[in-house]
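A.B. asks: Right, I'll just put the structure down here and ask away after.
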Amino acid sequence: MKYLLLIYADEHAWENTSPEGRQAMYDEYGTLMREAAEKGQMLGGDELAPTSSATTVRVADGERLVTDGPFAETKEQLGGYFLVDCDLETALDYAARIPAADHGAVEVRQIAEGPT
């Protein structure tokens, strides 16, 4: 099964993290990603740019509406993701080891298997 691990955290707290603190977290992410890759379970993952760089698109009456910024104002923002291929229990274990889980949340979503 494929799972998307959506990483949510307060980006303002991240912006206020010291360079040393950021590097320590990046090291933890790197270790986790290497472990999953060595097991053949890591399909992808990346950090996202801040929400200030986001653009939201909606369509109303056939007209494309583009707005600067994220879809909604929230306490925690989507900051990155991992895409893994493993069983649910392993995906949950990976999610619990993602550093942002200590101060944010990691949503684990199964990738829908559509018709081929």
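A.B. asks: Just the accessible area for Arg34, please: 1.4 Å probe, Å², rounded to the nearest 10?
C.D. replies: Counting only protein heavy atoms, Arg34 exposes about 140 Å² to solvent.
A.B. asks: For a bin width of 10 Å, list the pair-distance distribution of the chain built from all Cα-Cα distances, rounded to whole %.
C.D. replies: With a bin width of 10 Å, the distribution comes to 12, 38, 31, 15, 3.
A.B. asks: Also, quick follow-up: Can you compute 3J(HN,Hα) from phi for each residue in the stretch 108-113, using the Karplus curve 6.51 cos²θ - 1.76 cosθ + 1.60 with θ = phi - 60°, rounded to whole Hz and x for Gly and Pro?
C.D. replies: 9, 10, 6, 6, 5, 8
A.B. asks: Rolling a 1.4 angstrom probe over the protein chains, ignoring ligands and nucleic acids, what is the accessible area of Glu107 in square angstrom, nearest 10?
C.D. replies: For Glu107, solvent-accessible area is about 70 Å².
A.B. asks: Just subtract the alpha-carbon distance of Leu6 and Glu28 from 0.36 nm times their residue separation and send over the number in nm, one decimal. Please report the intermediate quantities before stating the final value.
C.D. replies: Values: separation 22, 0.36 × 22 = 7.92 nm, distance 1.66 nm.
Value of the extension gain: 6.3 nm.
The values are calculated or read from the model by the stated rules, or taken from the named source; none is laboratory data. Nothing here was measured: the structure is a model prediction, and the numbers come from that model. Heavy atoms of the whole protein, side chains included, go into the accessibility calculation; ligands, DNA and RNA do not. Shrake-Rupley method; radii C 1.70, N 1.55, O 1.52, S 1.80 Å.
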